[in-house]
Amino acid sequence: MIQVAANCVGCGKCVATCPFGALSIVNRKATASAACTMCGACVSVCPVKALSLPATGAAKKDLSAYKGVWAFIEIADDGYKQSVRPVGFELLSKGRELADQLGEELCAVVIGENVQNYYAELSQYGTDKIYAVSAPEYRHYNTLAYAHAMITLIQKYNPSVVLFPSTYIGRDLSPRISSELFVGLTADCTGLSIKEGNLIQTRPAFGGNIMADIKCPDYRPQMATVRPNVFKKVVKTPGRMAAVVQETIAIPVEAGKVRIIQTQMDPVSGNQKLDEAEVVISGGRGMKDKEGFALLETLAQTLGGAVGASRAAVDMGFKPKEKQVGQSGVTVASKLYIACGISGAVQHVVGMEHSDVIIGINKDANAPIFNVCKYGIVGDAKQVISKALEQLKK
Ligand code: FAD
Ligand code: SF4
Ligand code: SF4
């Protein structure tokens, strides 16, 4: 909490500065409440320099005890079979680079049932070690059980970096762990690198207008989430086997509060997954109506792809939110991406620019989407797609 020195004159200037409402004047002195996040915004406004943050050195941990880059491996369950979610390989590929720069081990952490089935696959990505927690009770994701297992492993082995996928599970699990361990967590990173031994976590800020570099120099482990398709997966060492450390971790009693009685696949997400599709056809406001999107569905079926949408199209009710491509939706890295009636706002582009071939269809020849396209077609999207379908049928 911010420290208020005895020379405070109670002028109140700091009170309005605090974005968290943590300061008030009590008995003509500034007083900070537990809401203080130690952001430091108030320090410079005090005319008598009565405000200061506690010296960081005093709270500093011995960071040399923390070694290793970990990637949490999510197991996907489509109702019939379980498999490693591909984003896990992307985390390992990036993790290998980070571990090499730090001179530390790359470790995969896999929790589930029969996880030995994944060892060979996980080892190919340059993984030095696999921490495995395998038991029937871990077959289905359970927030409390998985968080307990991860915290137990982290406290036992002290990694310096832990990466999570920015999926429903990763987003649920990682903040629980970071708050329990009292460390930072940077969500949806688009870049990760090492500088002076610290993990530099890069992510868009202020609506994507700037890229912020975030570091946590005083605490370990440094934790970040990364969306699927942001990093490329790179097979480093085919045929190699990582060392395996098996841990038995009992599920805490409170985890029993949640029991999976039955699972049912949502028919929408049961279709080809947007973030794993090789062909993505996305529609924007320029598709005009549901009939326009029906054309996109036909094109997607013909090409064997999935249909996505811009936020404007989602807002207009043409597609559900989980089909939104972009900064606040899904990131795709398809082989072919066709943007139909989409202007190409930066918030959309960051979610699809890693695709191999991008085709834009827009009636406005100056639309920004053409700046990221390999091929651009100027014209009415419905007419262009109808003609393309005729040709494809032939
Ligand atoms: P518009 O910008 O309205 O563009 C429609 C385009 O269709 C125009 O270029 C027009 O020339 C063309 N057109 C019109 N008629 C036709 C026709 N008959 N044939 C061909 N072309 C035609 N957006 C996202 O998509 N994903 C996100 O994740 C996302 N996150 C955001 C997060 C934040 C914090 C903010 C502030 C915004 C976000 N947005 C996101 C919104 C984004 O800024 C744009 O508003 C949105 O992408 C615009 O969608 P659009 O291109 O479909 O619509
Ligand atoms: Fe408020 Fe930040 Fe000052 Fe704390 S350090 S009192 S949160 S402005
Ligand atoms: Fe006290 Fe400084 Fe705040 Fe004024 S600005 S109330 S002097 S701490």
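The values are calculated or read from the model by the stated rules, or taken from the named source; none is laboratory data. Because the structure is a prediction, the values reported are computed rather than measured. Here the Cβ is made from the backbone with ideal geometry for all residues, glycine too, and neighbour counts use every protein chain on show. The area values use the complete protein model at the heavy-atom level, side chains included, leaving out ligands, DNA and RNA. Shrake-Rupley method; radii C 1.70, N 1.55, O 1.52, S 1.80 Å.
For segment 77-100, the count of residues that are open to solvent by less than 40 Å² (accessible area, probe 1.4 Å), modelled with pLDDT of 95 or more, of a type outside the set (G, A, S) and assigned to a loop (DSSP other than H, G, I, E, B) is zero.
The set of residues in segment 344-381 that are of a type in the set (S, T, N, Q) and farther than 21 Å from A300 by Cβ comprises Q347, N366, N371.
Selection over segment 64-74 of residues that are touching a Ser or Thr at 6+ places or on another chain (Cβ under 7 Å) and either surrounded by fewer than 24 Cβ atoms within 10 Å (Cβ to Cβ) or polar (S, T, N, Q) (or both) gives a count of 3. Screening the candidates S386, S310, S355 for the property of being touching a residue at least 24 places away in the same chain (Cβ under 8 Å) and over 24 Å from E276 (Cβ atoms) yields one hit, S386.
Of all the listed residues (S328, S334), the sole one being more than 16 Å from ligand 3 (Cβ to nearest atom) and surrounded by 19 or more Cβ atoms within 10 Å (Cβ to Cβ) is S334. Under 7 Å between Cβ atoms, which residue pairs at least 6 apart in sequence (or on different chains) link something in segment 185-199 that is on the phi > 0 side of the Ramachandran plot with a partner that is aromatic (F, W, Y) and open to solvent by 40 Å² or more (accessible area, probe 1.4 Å)? Close Cβ pairs satisfying both conditions: none exist. Across segment 337-380, the number of residues qualifying as within 21 Å of the chain's Cα centre (by Cα) and open to solvent by less than 20 Å² (accessible area, probe 1.4 Å) comes to 5. Residues in segment 183-236 that are over 18 Å from D100 (Cβ atoms) and among the small types (G, A, S): G184, A187, A205, G207, G208, A212. From the list Y119, Y80, Y66, the lone residue that is aromatic (F, W, Y) and either in contact with a Pro (Cβ under 7 Å, 6 or more places away or on another chain) or within 16 Å of ligand 1 (Cβ to nearest atom) (or both) is Y66. Mind checking whether some residue in segment 54-63 is open to solvent by 50 Å² or more (accessible area, probe 1.4 Å), β-branched (V, I, T) and more than 16 Å from ligand 1 (Cβ to nearest atom)? So far as segment 54-63 goes, yes, one or more of its residues are open to solvent by 50 Å² or more (accessible area, probe 1.4 Å), β-branched (V, I, T) and more than 16 Å from ligand 1 (Cβ to nearest atom). On the given criteria, is G21 closer than 30 Å to Q116 by Cβ and at pLDDT 90 or above? So G21 does not fit the description; no. Out of P175, P159, one residue alone is touching a residue at least 12 places away in the same chain (Cβ under 8 Å) and either not charged (D, E, K, R) or not assigned by TED's automatic domain parsing to the domain that holds V84 (or both). It is P159. Quick check on segment 29-50: of everything there that is out of contact with any Leu (no Cβ under 9 Å at 6 or more places or on another chain) and closer than 12 Å to V4 by Cα, which residue is most open to solvent (accessible area, probe 1.4 Å)? Ranking the candidates gives K49 first.
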